[in-house]
């Protein structure tokens, strides 16, 4: 019975971590993410100055390079977890999912920090516009995922 409960808890933890990882992907950390396009969109919608564009571009590049190793390790962990479907090792899965959780946490922190740094570069008017754009985006996301608040 303890083994069954432990396996169920490990599976639940794995599901939670993978959902958080999916959240990181949804927040822009995936192979199709295009920082240049995002900067162009921000430039258009917020009327960024050339100085702001240069500063934001540097922040995005720094964030991207800082998270590159974490994204690569996440891919390796996911591959290892997939490979264990045939030969499940609860101890190894626990270690890998714990590491995945640590990486996800680091990535979420890095993303939040970069977003805050970008926000600080904006004027009061640009921040207001950014907040409005974010509210519209969140409403659109809620429509796609009913039941989430």
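Need the full-extension length gain, residue 66 to residue 89, defined as separation in residues times 0.36 nm minus the C-alpha distance. One decimal, nm. Please list the in-between numbers first.
Values: separation 23, 0.36 × 23 = 8.28 nm, distance 3.12 nm.
Here the segment from residue 66 to residue 89 would lengthen by 5.2 nm.
Using only Cα atoms, locate the centre of segment 43-72 and the centre of segment 92-141, then give the distance between them in Å, rounded to an integer.
13 Å
What is the mean projected area of the alpha carbon convex hull for segment 61-149, to one decimal in square nanometres? Walk me through the numbers before you get to the answer.
Numbers: hull surface 32.7 nm².
Result: 8.2 nm².
Given a Förster distance of 35 Å, report the FRET efficiency between residue 108 and residue 50 from their Cβ-Cβ distance, rounded to the nearest 0.05.
Working: r = 31 Å, r/R0 = 0.87.
According to the calculation, E is roughly 0.70.
Any read-out appearing in this document is the output of simple, stated calculations on the displayed coordinates, not a laboratory observation. Everything numeric in this text was worked out from a predicted model, so none of it was measured. Glycine gets a Cβ as well: all are built from the backbone with ideal geometry, and neighbour counts include every protein chain shown.
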